[in-house]
1. Give the peptides 136-148, 611-623, 379-391, 399-411 in descending order of average Cβ contacts within 10 Å, highest first.
2. List the residues whose amide H sits under 5 Å from the amide H of VAL304, counting only those 5 or more places along or on another chain, with H placed 1.01 Å from N in the peptide plane.
3. Binning every alpha carbon pair distance of the range 588-740 at 5 Å from zero, what are the percents per bin?
4. Take the Cα pairs of the range 329-442, get the Kirkwood Rh, then feed it into Stokes-Einstein at 4 °C and 1.567 mPa s and tell me D in µm²/s.
5. Full-extension gain between GLU445 and ASN598, please, as 0.36 nm times their residue separation minus the C-alpha to C-alpha distance.
6. In whole percent, how big is the carbon plus sulfur part of the accessible area of the chain, probe 1.4 Å, protein atoms only?
7. Could you tell me which residue out of PRO669, ALA727, PRO685 lies farthest along the dipole of the range 624-736 toward its positive end? Charges go on the beta carbon: Lys and Arg +1, Asp and Glu -1, centred on the Cα centre.
8. Using amide H atoms built in the peptide plane, which far-off residues or other-chain residues are under 5 Å from THR528 H to H?
Amino acid sequence: MQSRFVSAFSISIIALTLHLSAQNNASGSWDARFRAIPDAANIGEYMKRLSARPHHVGSPYDKENAEWILAKFKEWGWDAQIETFTVLFPTPKERVVELVAPTQFRASLEEPAVAVDPTSGQKAEQLPTYNAYSIDGDVTAPLVYVNYGRPQDYEELDRRGISVRGAIAIARYGASWRGIKPKVAAEHGAVGCLIYSDPRDDGYFVDDVFPDGPMRNKTGVQRGSVSDMPVYPGDPLTPGVGATANAKRLDIKDAQTLTKIPVLPISYGDAQPLLSALKGPVAPADWRGALPITYHIGPGPARVHVKAAFNFDLKPIYDIVAKIPGATFPNEWIVRGNHHDAWVNGAADPVSGTAPLLEEARAFGELVKQGWKPKRTIVYTVWDGEEPMLLGSTEWVEQHEQELAQKAAIYINSDGNGRGFFGASGSHTLEKFINNVAKDVEDPETKLSAWKRMQANRIATGSPDAKAEARSRADLRISALGSGSDYSPFLQHAGVASLNLGYGGLDDDGIYHSVYDDFYHFTHFADTNFMYGRALAQTAGTAVLRFADADLLPYDFTDLSDTVRTYVKELQNLLTQEQDRIKEKDREIDEGVFAAVNDPRRPLLAPKVEEVPPAINFAPLENAAAALTKAAERYKKAADTARPSAANAGTLAMVNARLIQSERQLTDPAGLPRRPWYRHLLYAPGFYTGYAVKTMPGVREGIEEKHYAEAEAEVLRVARALDRETALINAAAGDLEQIR
Ligand SMILES: [Zn+2]
């Protein structure tokens, strides 16, 4: 099935004008022809090549891969070049983690080669295990176990009278993004932070460990960035501007996104002796992992020495940018991207997404040879430096911000890809569009459409409400984007409508950001025959082609207004729940309930009395959402009944030019409170969750963090953004109504 716009137009165009009908029929067949080209075997070959050696930022193979990718694009007929930026990329100089009391143990901090895995032993080129953008430090202090290291975990510690002040916090990976753990530990006065992979989360508790199975073994370590991404991503030294050779740079000491305390990641082999040396209260049940020990919190008697020192060097990064110029609207851009850098060999992250993107590029090259001329310019981007902190994409977006603001209609991202169900998240103006794309792609294992299988999964696993909605709502909902891949600068800084696409959900693995994420692991435990790589290429390529060739750009605003109304309800409920929770808790404190039930042998302190949140006036948001809903329905009707013809091509072009600006209306150049880099008023990564999204973040985080006056002011700012969107949609609908 075609998207609503394409099918409506096909009929009217055939009736009305020969010229346009020929072109549109052709683009219909180009659409199906495109999907026949991607070949799983090619995707496997690209993966083998790109993951053959470690290829992190600054490594020889990172540059070799960039040059190889550039040559491929040229071979396939694209106008391609490498764009270089210069970024701060620290690498470790010295790493020490040792237990100094009550017994002594020195952590290995090594991931040994595995005999059956040929690339796991490429020691000379592997980055050691570390967390990028940790500061230098040398500390010896008592150890405290802080569970996942989220703000709520510290509330549990408070109730036990335990502080991390002057201590080293050990947190397990999971539940929040890793960079949140040292940030919150430092806010509570810790002097150092260790992050370890508990076998409960991605080790033997889940499945057999590598190389017998896919999960993390006792020496596997998760590398990764710990920069304060919720403040701004990209190069820490050049916030807001492209990190060109001559860009003005901050002093390292003034860079806001480096950690405040030293941080190192460790394996569970290295963590177990430290954790088993802790005494103090036994950890609450949901804090316990799967190590064969009793989990205690501390502090001490375990004392730990952590030393971390880094080479804070500037390194080049290589973005590949390739274009097929648009034949009719060269100044309207369809942008597609995936990163190419990895922490080590990175077969799953990112090459399982990079390789399908390359296969799309080859397929488009084929179509051009067969005579296809996209109406709009297609821009394929392959980013460097995603792993340290979205460096390649962020610097490119900052460097080309003005041009993107004028030209970019959509950004379509992917990253690591797996086997299973199709998943899409992103701008809700694109929800209907991507649903329609998924209806035309075949799931390789079931031969159902990718959409049908996704719907079945929602019905099988959803709550009763979710089941009913998956059966009855025309479009399956897509979730909002927080952070974690290269869409962030496009969506949240430049205001470009964005999608993140991928398949997955059927395979667990525990090799994320370790030396064991490589071709051997991928071809034994993941999408072993690259069939889902092919499905990703078909899906993302179809989305690119449809946006590039559409007569009327396929944005839809009814799903947006539906989502906005949901968010407004959620915020109202959040405030009520907070009021009720705090009222009840304060009452129990008053009644002496906590004192009466306390166990004197395992005493807990009563929680703190909090002020009950005041009422907030949501009326401006409710009114704005209602007006948006009305405009969205008017636009839908106008789009469904519009009769494009050669005679009104000018009107259509004007409408499209307006629509390209629609996501921009939802941003504010002043940005979010305390983090101006983030300009989107509907979507942002959580200040205390990291990757996980906060929707209407100014209002939501205002309530969660008890800045109630700020939340009320943010209600007005979001309402004004929705009003701007409503005005644009009404104007576009007015234009379309002229060509009924
Ligand atoms: Zn990635």
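1. The peptides rank, most packed first, as 379-391, 136-148, 399-411, 611-623.
2. Here the answer is VAL100, ALA141, LEU143, since their amide H atoms fall under 5 Å of that of VAL304.
3. Bins of 5 Å from zero give 2, 8, 13, 13, 12, 11, 10, 8, 7, 5, 3, 2, 2, 2, 1, 1, 0 percent of pairs.
4. 83 µm²/s
5. So the chain would gain 49.5 nm between GLU445 and ASN598.
6. Its accessible area is 53 percent carbon and sulfur atoms.
7. ALA727
8. Excluding prolines and chain starts, which carry no amide H, there are no hits.
The values are calculated or read from the model by the stated rules, or taken from the named source; none is laboratory data. No experiment lies behind these values; they were computed from the predicted model shown. No Cβ is skipped: glycine too gets one built from the backbone with ideal geometry, and neighbour counts run over all protein chains shown. Heads up: the accessible areas ignore ligands, DNA and RNA and are worked out on the full protein's heavy atoms, side chains in. Shrake-Rupley method; radii C 1.70, N 1.55, O 1.52, S 1.80 Å.
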